[in-house]
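Beneath this line is the structure, given in structure tokens, with notes to follow.
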Amino acid sequence: MVMTTKGSFYIGTVCLERNRWGSRQPSFRVSDWLPRFRADGFDGIELWENHFLAADEAEQARLVEAAAPVAIYNSYAGFTDDGAELREKAAAAAARLRAGAVKYNLGADAARRDEYRRNLPAWAEQLPPACRLLCECHQGTVVERVEDAVAFFADLDPARFGVIVHVPGNSDGLEGWFSAFGARTAHLHVQMQSPETDPAVPANRERLAARFAAVKAYGFEGSATIEFTRGIGREEKIEALYANARRDLAYCREQLTQC
């Protein structure tokens, strides 16, 4: 099982998937890319669920039999009572892939908060004991505000239930998450898809460096995924996206691991 640890940098396969928001059908086989990911310095992958669930049996077998490349299984299973079948399917996939963590999102309906809260620990029981649950506290969900997230996770084990923070983001916004959650802030989703976040542009570097320095200053001890990069939502050429993701990897490794 691949563990999400400090200094580990992953490629999100959703970053390279042109159909992530459209048909949601895979446009490439992740297994074909695994040697490149390793050779280019990625420590593993955050696997978009449809790159497994919508793949044929041969591709699923290649991913299962690979040398444990799946650090995080990226699930979109919901947490309403009627989502039990999809949660079970996601848990089974994460177990087959020996994923060190699962990424998930909660719903947007505040009236169903207790329903989400009841089903989350039940889902954890379906996952391998060593598999950590990482919540992407997204805008438009019941945990988009720090104070709401604090209340939601208050009595859940922080060693098992972590949260994901987006960077670069806004440095002021990061402070609230790190101050409230400390070590529960387990993972970063790096989203450098705008021209203003291109680390190759000298004019961007001071602002970017300040935001990554803020992450280090908060004592971040987790891992990071290159989730989105420049070109997403526009040309969607996989080689161009991957070239940008590699550039982002080099920059993030430099910023987050330097003394």
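The values are calculated or read from the model by the stated rules, or taken from the named source; none is laboratory data. None of these values were measured; they are calculated from a predicted model. Virtual Cβ from ideal backbone geometry, glycine too; neighbours counted across all protein chains shown.
The residue that is surrounded by the most Cβ atoms within 10 Å (Cβ to Cβ), among those in segment 74-86 that are in contact with a Gly (Cβ under 8 Å, 6 or more places away or on another chain) and not small (Gly, Ala, Ser), is ASN74. Of all residues in segment 143-160, those satisfying the criterion of being buried (at least 19 other Cβ atoms within 10 Å of the Cβ) and within 19 Å of ALA122 (Cβ to Cβ) are VAL143, PHE152, PHE153. Checking each residue in segment 66-88 for being modelled with pLDDT of 95 or more and over 19 Å from LEU133 (Cα atoms) picks out only ASP82. Filter segment 44-64 down to the residues that are outside any loop (DSSP other than H, G, I, E, B), within 17 Å of ASN19 (Cα to Cα) and among the aliphatic types (A, V, I, L, M) and list them by number. Correct list: LEU47, LEU53. Only a single criterion out of (1) closer than 22 Å to ALA71 by Cβ; (2) in a helix (DSSP H, G or I) is not satisfied by ALA180, namely (1).
For every residue, the table says whether it meets (1) aromatic (Phe, Trp, Tyr); (2) assigned to a strand (DSSP E or B).
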| site | (1), (2) |
| --- | --- |
| GLU88 | no, no |
| ARG98 | no, no |
| LYS103 | no, yes |
| TYR116 | yes, no |
| LEU133 | no, yes |
| GLN139 | no, no |
| VAL150 | no, no |
| LEU156 | no, no |
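Of the set (1) under 23 Å from MET192 (Cβ atoms); (2) modelled with pLDDT under 95, all apply to GLU17 but (2). A search for C-beta distances below 6 Å between a residue of segment 235-259 that is closer than 14 Å to GLY12 by Cα and any residue that is among the charged types (D, E, K, R), counting only pairs 6+ apart in sequence or on different chains, returns ASN244/ARG230; ARG246/ASP40.
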